[in-house]
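Written out below as structure tokens is the structure these notes cover.
Every number here is computed from the coordinates shown, using simple stated rules; none is lab data. Nothing here was measured: the structure is a model prediction, and the numbers come from that model. In this analysis, Cβ positions are derived from the backbone assuming ideal geometry, glycine residues included, and neighbour counts consider all displayed protein chains.
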Amino acid sequence: MKAVIMPGFSELIITVNPTGEVTREGLLNIIMPWLYAPWPDARGKGVIEMPVEGETLRALLVKLSERYKQANVDFEPIDPRTNDLDFDYDVLINGKRYEAIPHQLDARLGDDDEVKVKMLWRWDG
Amino acid sequence: MLDRSELIRYNRQLVIPELGEEGQRKLKRSHIVIAGIGGLGCASATYLTAAGIGRITIVDFDTVELSDLNRQILYWEEDIGEKKVAVAQRKLSKLNPAVEIIPIFAKITEENVLSLIDEAQVVVDGLDNLATRLVINSACVKRKIPYVYGGVSRLRGMLTTIIPGKTPCLACVYPEASKRGGGLGVLGVVPALIANLQALEAMKLVIGYSPSLAGRLLLFSGDDARFRVYDIKRNENCQVCSQTPRGKRPKNGGKDGRRNREAVYT
């Protein structure tokens with residue numbers, strides 16, 4: 001699949017196999033600039049294209065993790081020990097929360113699906 | 001002036017060039033508010049007291065429970081059932097009687113927050129939920145008081161220093177209260193670790209030594225003992241710290257639009 005990635009407000013907004021052009025029109029400025037770390041040349045345009053082998057949410061997140069790891073940034077939405085979504089992240093597909101997504105990480109992504117990957121802050125004390 | 005007893009008590013830190021006697025006098029004249037005296041607050045309060053902060057206000061509405069004792073080091077079994085602020089005041093005062101500890105048994109709300117933080121030089125986060133943090137954040141921005149955020153879960157922690165008007169505030173990142181990211185459990189050493197870094201940031205602010213984590217987010221993972229620090233930027237359209245008055249914001253469109261606007265496919 002082709003993933004078109006836009007670092008958003010404080011999350012990644014990813015469109016799968018978009019049938020139209022994806023632009024940043026209407027999006028706020030980013031407040032976590034390090035989300036661009038694997039693609040420094042994309043800062044100007046603000047939109048990144050990334051090929052992914054596979055059709056599932058897991059394949060997408062694994063590929064993202066690989067790219068960030070290469071850039072020396074911790075962005076690992078799948079916990080390698082549990083092989084499930086890490087508690088530091090929230091994932092939504094077309095606005096639906098991760099818990100409500102059938103097959104969760106193994107959900108198949110379709111054309112124009114929008115995936116949001118948000119890093120959560122810590123609130124316990 | 002520092003008296004003879006103080007010169008002895010603080011000897012090990014007075015010899016640090018970045019602090020010295022002038023820095024110690026600044027600590028002595030300072031007032032820090034610790035919002036919440038749980039896992040984070042107990043540790044930051046202990047070290048700020050030991051360091052000789054002049055006045056520390058501690059705010060909490062809770063009583064000591066057995067399940068607090070794995071991480072809230074100011075409380076012991078004999079304290080169960082007592083107000084946390086009362087126990088904390090008693091023990092912190094024994095640690096350093098020269099420090100004025102002001103206990104306030106209250107829940108922090110939008111109604112009382114300004115009166116709670118009004119005289120503070122720095123507010124240190126010891127809270128356990130986002131909603132109250134957003135209340136504190138908003139009040140600190142309003143009063144231009146630096147706010148040292150800290151948060152923990154399980155073996156992980158986060159920290160940033162918010163300087164109103166200069167750095168992102170908490171609402172830049174999380175404009176609304178979220179139910180996610182809390183209630184996941186905490187190992188006691190993690191809040192202690194984060195709280196001590198918060199205390200360091202607070203002391204640096206007081207003595208005029210540039211805080212290291214202003215506009216930077218520190219992430220700690222105890223899973224692999226790794227610290228990472230990333231820059232974070234202000235949200236120019238933040239509802240709390242933006243200079244643009246709410247009424248003058250455009251209702252739609254363009255980069256000046258409000259949050260949550262989606263991508264457009266053409």
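I need B:Thr57, A:Thr19 ordered by Cβ neighbour count within 10 Å, fewest first. Walk me through the intermediate numbers first.
Numbers: B:Thr57 20, A:Thr19 8.
Starting with the residue having the fewest Cβ neighbours, the order is A:Thr19, B:Thr57.
Using the beta-carbon distance between B:Arg4 and B:Ser210 and R0 = 45 Å, what value does 1/(1 + (r/R0)^6) give for FRET efficiency, to the nearest 0.05? Can you show the working numbers first?
Numbers: r = 32 Å, r/R0 = 0.70.
Between B:Arg4 and B:Ser210 the formula returns 0.90.
Counting other C-beta atoms within 10 Å, and keeping those with at most 14, which DSSP coil trypsin sites (Lys or Arg not before Pro) do you find in the range B:137-178? Present the calculation step by step, with values, prior to reporting the outcome.
Values: sites: B:Lys142, B:Arg143, B:Lys144, B:Arg154, B:Arg156, B:Lys166; in loops: B:Lys144, B:Lys166.
Answer by residue number: B:Lys144, B:Lys166.
With label points built 7 Å along Cα→Cβ from the Cα atoms of B:Phe105 and B:Asp224, find their separation and express it in nm.
Output for this residue pair reads 4.7 nm.
Within the set A:Lys2/A:Lys116; A:Lys2/A:Lys69; A:Lys96/A:Lys116; B:Lys144/B:Lys166; A:Lys116/B:Lys233, which residue pairs have Cα atoms separated by over 18 Å? It would help to have the intermediate numbers written out before the result.
Details: A:Lys2/A:Lys116 15 Å; A:Lys2/A:Lys69 20 Å; A:Lys96/A:Lys116 10 Å; B:Lys144/B:Lys166 10 Å; A:Lys116/B:Lys233 20 Å.
Pairs exceeding 18 Å: A:Lys2/A:Lys69; A:Lys116/B:Lys233.
How much length, in nm to one decimal, is gained on full extension between B:Asn112 and B:Glu65, taken as 0.36 nm per residue of separation minus their Cα-Cα distance?
14.4 nm
Anything over 24 Å Cα to Cα? Flag those among B:Lys28/B:Lys94; B:Lys84/B:Lys204; A:Lys45/B:Lys142, in the order listed.
Pairs exceeding 24 Å: B:Lys84/B:Lys204; A:Lys45/B:Lys142.
Please compute the volume of the convex hull spanned by the alpha-carbon atoms of the range B:121-244 and report it per residue in Å³.
Working: hull volume 11.9 nm³, N = 124.
Spelled out: Cα convex hull of the range B:121-244, divided by residues, is 96 Å³.
Of B:Ile37, B:Ile117, how do they rank once you tally other Cβ atoms within 10 Å and put the fewest first?
B:Ile117, B:Ile37
Given the -39500 (n - 2.57) contribution per DSSP H run of 4+ residues, what per-residue ellipticity at 222 nm results for the protein assembly as shown, rounded to the nearest 500 deg cm²/dmol? Don't jump to the answer; show the numbers that get you there.
Working: 10 runs with 101 residues, N = 391.
So the helix-based figure for the protein assembly as shown works out to -7500 deg cm²/dmol.
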